[in-house]
Structures are given as structure tokens and as C-alpha cells.
1. Quick check on segment 451-491: of everything there that is within 16 Å of ligand 3 (Cβ to nearest atom) and at pLDDT below 95, which residue is nearest to the chain's Cα centre (by Cα)?
2. Any residue that is touching a Leu at 6+ places or on another chain (Cβ under 9 Å), free of Cβ contacts under 8 Å to residues at least 40 places away in the same chain, open to solvent by 10 Å² or more (accessible area, probe 1.4 Å) and not in a helix (DSSP H, G or I) - is there at least one of those in segment 460-470?
3. Among the candidates 566, 483, which residue alone is out of contact with any His (no Cβ under 8 Å at 6 or more places or on another chain) and either open to solvent by 40 Å² or more (accessible area, probe 1.4 Å) or of a type in the set (Phe, Trp, Tyr) (or both)?
4. Can you spot a residue in segment 514-530 that is over 36 Å from the mean Cα position of the chain (by Cα) and within 16 Å of ligand 1 (Cβ to nearest atom)?
5. Looking at 42, 65, 25, 83, which one is assigned to a strand (DSSP E or B) and either aliphatic (A, V, I, L, M) or in contact (Cβ under 8 Å) with a residue 60 or more places away in the chain (or both)?
6. How do the strands (runs of 3 or more DSSP E) wholly within segment 293-389 filter down when requiring 2 or more residues that are within 16 Å of ligand 1 (Cβ to nearest atom): which remain?
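The values are calculated or read from the model by the stated rules, or taken from the named source; none is laboratory data. These numbers come from a predicted model, not from an experiment. Quick reminder, even Gly has a Cβ in these numbers, built from the backbone with ideal geometry, and neighbours come from all protein chains shown. The area values use the complete protein model at the heavy-atom level, side chains included, leaving out ligands, DNA and RNA. Shrake-Rupley method; radii C 1.70, N 1.55, O 1.52, S 1.80 Å.
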Amino acid sequence: MIPEVNEQPIILELRCILGRLETALSAISDALVITDHQGLVLWCNRSFDRFIDQPRMRSLGHPILSLLPLDHQGDPVLAEAVLASISQIAGATTVLLQRQPLKACEIEWRPVETEVPAPVIFCIRDISTRISNQELQATAERIEQQRQHSDRLNRELQQQQLLLANLVRECPVTGLPNRRGLRERLDLALGRLRERGGQIGVLFCDLDHFKDVNDMHGHQVGDDLLIEISRRLQEALPAEATVSRLGGDEFVVLTGWIRDGSEAIAIARMLQQHIAAPWLLHGQRFEPTMSVGIMVTSDPSADGDELLRQADVAMYHAKRSATESLALHDASIEAHFRSSCRVHQELRLAILHQKLTLAYQPIVSLKGSPPDGSAIILGHEALVRLQPEQGLPIDSEMLIVEAERTGMVIELGSWVISEALSVLQHHPQRPDHWSLAINVSPLQLEQTGFAADLLERIEAMAINPGRLVLEITETKILQDSSRCIQELTSLRHNGVRVHLDDFGTGYSSLSRLARLPIDGIKIDRYFTAALGCDSRLECMIASMIHLGRDLGLEVVAEGIETDSQRLALQALGCLWGQGHLFGRPGALP
Ligand code: C2E
Ligand code: MG
Ligand code: MG
């Protein structure tokens, strides 16, 4: 049972965000449509209304095919066969429309892979202006003649369409081949593998922080930077390699023949160095960097789109890595990607259908705690659990990493808070010293009004704030945000307690520790596990306990599994403990 939440501010905030998003999407000239997997319109922007000349209320729920104008020959612009596969494969087509004056447009579609069945995003772009008026006019005249000499003209029209398609094989900003141009070259390269053997590499390059350049300096500077990057990439590569731009800040390099993966890595590193040279524009200095994902193949029957996807997956891996800015696609990267997709998908469904649960692990007093594990329980820590309908439970650490990466930790965390408050409200009879700890992500603390909202709810539910402990991971709080510190200070000021979780892993400087708004530290289980095996770490754990106590903090040792660890911690003066020795996470007793 999930208790009632004050949803009003969240709903208002969401409405504002949606309103801004709607205005922004309406302002762009491309027509955008989201359909379900069968092509029924779920949403469209104003440019689409203008494109089909009908208000959106009349479009919603209708098949996109019935709304799009016919092509110049009176046929549907998207064949039924294409529509049948839109939710699986992205694609693009260029068509001349049955309009006066004649218009050419490019239609792209791409499944939104985060949902099953996947909805599809369509982007319809009027490209008539990219083709000269003369060319359009010439086509129009030929169409006029077609009425009289249809057979002859049909052949000419086909040529005209080929020409048109050729015109949009290039990125208009950089002049490099676009996705379509790249796919053709990739197919040619695979064809050559069939004839001559060997290997080729696909290098998926994504500029870092390009959005910041656009946001801070405007799109013109952004475009200039893209042109410069494309120049630098071409300059650094041999003639047989192809550089293409897929859109946004994504470039793909198709190498010529290479010996193996290590040669592809060497090329990627060379490109990273080459583009990193400082670039000056309008007095601004930029040092561009990029993440690169690499896919190497010797298989002539490989699918070009699949190679691109694999290189893209490797690029994401590199982007998320703290240490490496390039990655060579392999089975482990693919497995990691798939499991992170699964976690993302399951988390989304669990939040939607309220399938998350909490497991409670006791935190006990180590002072005089008996060896049979029946120590005095000082409180419990609530740990989130996700058991999908099918398959293995999802590892909580991985779940939180994915939730933080996607921002879903805000919804997850808000649910955890509601559950915890409900437990506190319904267990007033627990001993005075008993408290309930929940883990809170810094992303939650960065939300406007986090502390004020929580305090308001605590007051409204008549809960003793001292019974609630917020655990914040040390590494995260050190990455700062003065906002986090402010929120924690306000919460502590009103009686809520704060513990620094996984202490010892985040390199807290001592001066910093003394100034953090916290009531306690939880020594990471990595140190507990070292008791009796590693004298240097033992020394460190002893210092942490003394330091914590000297600063007047509550010191909890995590991950106590054996009685000798319990005794060692007792001897070092640690007063609180948690671990399998005293109880695994489970139902609240
Ligand atoms: P944490 O807050 O440090 O939680 C302690 C973790 O250690 C839990 O893992 C717990 O099951 C495990 N543990 C406890 N005693 C022992 C022991 O004796 N031996 C060993 N080997 N492990 C022990 P769990 O449940 O997998 O959670 C992992 C992490 O995920 C948590 O670490 C916490 O940082 C995060 N987390 C869990 N629930 C939430 C949540 O609701 N919100 C947020 N933001 N993070 C959460
Ligand atoms: Mg914790
Ligand atoms: Mg911990």
C-alpha cells in the first residue's frame, strides 16, 4: 500500500516542463510525430499540423499513413511493408509530394527503444529549399508532360528521384556523407571484404559536451565547431577511410583495410589526439574531446546497421567509463549494455506498476552484544528490491546506478520516502532509540524544495523526525553540489539525522568531514572484511572509528559477517554494527 503523496507541486512542475517542451517542439520547423508501434498517431507538433493542414485533435489516434499526403504519382509515401517494420528498424525516405508547387521532403523514422512495443518517432523535413528552384521546376514540368507521355516520362522521373536522393546523401553542415551515404559505403566495404578478405573498423565518435557549446555560444558556433572537427578528422585519415556525420555531434569513421582491433584502437587514439588541439573562434578557446566506440569485423555478411549499432554501444560504454574514453565492442560490453537495458526497462515498469519493495536490515548495538547475534536492534536500513515477473532479481547496486544514470532515481527515491514515512507513522510503539534509515541519492537532494517538502510531510504525519536517518554515499556528496549541503543542513536543523554511507571509499578530506552536516558515518564493508587479514586496512578502520567518535559522530560498521569481526570492532570501540551476522535484509519484524 503506498500512502498518499502531496503530488500537487510535482504535477505543477511536470506541467511546466511539458509546457516548455511543447512550445520548444512546436517552434521547430521539422514536423514531428510519435506513433504507436502500428503507426497510430499518439502525439504531433504544430509543424505537422501545418504540414497536413489539419488540427492535431483530428490526427490523434489515426494511422499516420492516412494523414500523410500522397507522393507525386498518387501513391502513399510509405508503403505498407515499410509501416509493418517501423517499430523494429529505423529508416528514411525522400519523396516528391503531390503538391502545387512541387515539394520534396525527407521522412525519417526511428523506434523509441525504451518501451515494448516500441513507439516510433517520425521526423518530416521539407527539403525543397535544398534543391534549387530550377531543379524543382524542371521536375514539375516533367510531371506536367507525364500526363501526355507517361511511359517516357516515368523513366526520366526515376532518374530525377535518384538525383534527389543523391542530393540528400550529404550532411548540409559539413558536406560529409550522412547516415545514408555511410550505409552505402559500408555495404561497398563489406562487398570488398567478400572479394579480398581482411578486416574493417567502424569508429563511432561522439563529441563530449557539445551541447554546452551550443547552449553557451549558440548554434552558429556549434556548426562552425562541427565543420572544424570534420576537417580535422578528414585531415588525419588516409584517403581510403570515410568520415561521415550521422547528426548532432556524432561522426562515424569507416576505416580502410586494417589488421586487427589494436590497429583500430590506434587510429581512434590518433583521432582523439588530433581533434583535441585548441580551437579559437571569436576569442573563445575550445579543446574538443570525443568518446569513441569501435567495432571491427572480418565478416562480409555482417549487417551494416548492426555494425553501426555495436560501435554505438561501445561508444556509450566509453562515455560512461570513468577511466577510458574509447572502447572496442566485445561480448562483455554487449552483455553489459543488454543488462543495463533490461534493468532500465524493469525499473520503468516497476515504477509504473508499483512493483518495487523494501527489505529491512537491522542495525544493532555492538556494545556488549552477545555472540549469538541477539544484539539490541537500534534501527533498520530500508533497501530497495526489484523482483521482475520473470528472471533473476535485479542487483540493487546495478539498479541504483541505472536509476541515477537515467534520472529515474527521483521517482524511485520518492516512493522509498513515502514507504518509510508510512512505516514510521504506523510503528509509533517501537523503542525510543529505534530509527529507520533510507538511502538518498544526491540527485534527490538537488531537487528544488526537497528538504522543505520532506519536513512538511513529516510534520503532517506527526512523525518524530529523529527516527528518520538519511544515508548519503560519501563519494556522491563529495562531488559536491552546495545545494545538497544546504538541504541536509536544513533537514538536520529540524531533527532528521544524516549518515555518510560507504565511508572510507570517497577520500573525504579530514577538514571537509568536520564541516559536513552529518550525524554519523557508516564504515564501508570493504574495511570490515579486511579485519584479521590486512593490517594496513585494520589500522585505517581503527583511525576511522576514533576520528568519528572524536568528532562526536555515530559510527556504524557495515558488512559484519563473522563473530571475530564483531569482536574486533567492539575492541576498537565501534558502537554500532550491521551485517549478515545480525540479520539479512528482509521483512520488518
Ligand atoms: P548500502 O546503503 O551501503 O547498503 C548496504 C549493502 O550491503 C546492501 O546491499 C546490503 O544488502 C549489503 N550488506 C549488508 N550486510 C552485508 C554483509 O554482511 N555482507 C555483505 N556482503 N553485504 C551486506 P544492497 O541491498 O545490494 O544495496 C546496495 C546499495 O544500493 C546500497 O548500499 C545503497 O547504496 C544502494 N541502495 C539500496 N537501496 C537504495 C534506495 O532505496 N535508494 C538509493 N538511492 N540507493 C539504494
Ligand atoms: Mg546505506
Ligand atoms: Mg553502505
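1. So in segment 451-491, the residues within 16 Å of ligand 3 (Cβ to nearest atom) come out as 469-478.
Then drop every residue that is not at pLDDT below 95, which leaves 472-478.
Working: 472: 22, 473: 21, 474: 23, 475: 20, 476: 18, 477: 21, 478: 22 Å.
Only one residue fits best here, namely 476.
2. no
3. On the way: 566 fails: either open to solvent by 40 Å² or more (accessible area, probe 1.4 Å) or of a type in the set (Phe, Trp, Tyr) (or both).
Testing whether each residue is out of contact with any His (no Cβ under 8 Å at 6 or more places or on another chain) and either open to solvent by 40 Å² or more (accessible area, probe 1.4 Å) or of a type in the set (Phe, Trp, Tyr) (or both) leaves just 483.
4. Just the residues of segment 514-530 that are over 36 Å from the mean Cα position of the chain (by Cα), to begin with: none.
Checked against the condition, which is being over 36 Å from the mean Cα position of the chain (by Cα) and within 16 Å of ligand 1 (Cβ to nearest atom), segment 514-530 yields no hits at all.
5. Details: 65 fails: assigned to a strand (DSSP E or B); 25 fails: assigned to a strand (DSSP E or B); 83 fails: assigned to a strand (DSSP E or B).
Only one candidate passes the filter, namely 42.
6. Working: elements: 326-328, 357-365, 377-385.
Output list reads 357-365, 377-385.
Residues are listed down the side, and each one gets a yes or a no for (1) aliphatic (A, V, I, L, M); (2) closer than 20 Å to residue 519 by Cα; (3) within 16 Å of ligand 2 (Cβ to nearest atom); (4) assigned to a strand (DSSP E or B):
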position	(1), (2), (3), (4)
451	yes, yes, no, no
457	no, no, no, no
472	yes, yes, yes, yes
483	no, yes, no, no
486	no, yes, no, no
491	yes, yes, no, no
495	no, yes, no, no
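Residues checked against (1) at pLDDT below 95; (2) closer than 21 Å to residue 506 by Cα:
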site: 531; (1), (2): yes, yes
site: 535; (1), (2): yes, yes
site: 547; (1), (2): yes, yes
site: 556; (1), (2): no, yes
site: 563; (1), (2): yes, no
site: 567; (1), (2): yes, no
site: 570; (1), (2): yes, no
site: 578; (1), (2): no, yes
site: 584; (1), (2): no, no
